[in-house]
1. If you build a Gaussian network model of the chain, linking Cα atoms that sit under 10 Å apart, which residue out of PHE146, PHE100, PHE116 swings the most?
2. So what's the projected area for segment 35-119, the Cα convex hull averaged over all directions, in nm²?
3. Under a 10 Å cutoff between Cα atoms, tell me which one of GLU62, GLU153, GLU29 has the largest fluctuation in the Gaussian network model of the chain.
4. Rounded to the nearest whole Å², what accessible area per residue is found for the chain with the 1.4 Å probe?
5. Could you please tell me the mean projected area of the C-alpha convex hull for segment 70-166, averaged over all directions and given in square nanometres to one decimal?
6. Report, to the nearest whole %, how much of the accessible area of the chain belongs to carbon and sulfur atoms, 1.4 Å probe, protein only.
7. Quick one: what are the phi-derived ³J(HN,Hα) couplings along segment 101-107, Karplus 6.51/-1.76/1.60 with θ = phi - 60°, whole Hz, x for glycine and proline?
8. So I have [x] 11.0; [y] 13.4; [z] 9.0, and one of them is mean projected area of the Cα convex hull in nm² calculated from this model. Which one is it?
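The values are calculated or read from the model by the stated rules, or taken from the named source; none is laboratory data. Predicted, not measured: the structure shown is a model, and the values here were computed from it. All Cβ positions, even for glycine, are placed from backbone atoms using ideal geometry, and neighbour counts span all protein chains on display. Please note that ligands, DNA and RNA were not included when accessible areas were found on the heavy atoms of the full protein model with its side chains. Shrake-Rupley method; radii C 1.70, N 1.55, O 1.52, S 1.80 Å.
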Amino acid sequence: MCQVAVLAALTTLACGGDEPRSDSCSAGENMTNPRLVAGLEPAPGGSLMRITWDRGTDLGAELSSDYFAQAQLAGETAEEVRALIPSVTLTGERELTVRFRTLGPYLENHQNALDFTLVFPDRRKFVSCEHAGMDDAYMLKVHLQFDAQKQLERAELAEHVSFGDL
């Protein structure tokens, strides 16, 4: 019979006589201090927003640009928000560009806020590490708050991790 124990960020799976398997993938942040480069910037057909960050910590510091190029909108993103964001691309060292279609009509109906999540893949596909179970997902949650004139007033960006099922 298998017993699964989860303690903080360390996950161990012990089945019969097998050696315990530690989670060597989840230490540290992918990004430290994620922030906007210059707010919303005009672009053909809408606007864009450049997100930058400082190097991650622990194992997150080893992630290459190839990892961050895999960013995409999270699957649970509302369809109307998906329609506003035609692309998310890596455009420089530690810089993602999110392109928006015209935001005005959306903001008129949604209390001057826009929320979406960018998801990054499991680290074990990009650095030497291992963990038991399904793939983990690393997310950057983005909250944009607009003023009454539909100008960007505040941006909050926060990293979260969703550990895969064992």
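1. PHE146
2. Working: hull surface 24.5 nm².
Computed as one quarter of the Cα hull surface, the answer is 6.1 nm².
3. GLU153
4. 55
5. For the Cα atoms of segment 70-166, the hull's average projected area reads 7.3 nm².
6. The computed percentage sits at 48.
7. Taking θ as phi minus 60°, the curve returns 7, 3, 8, x, x, 5, 5 Hz for segment 101-107.
8. [x]
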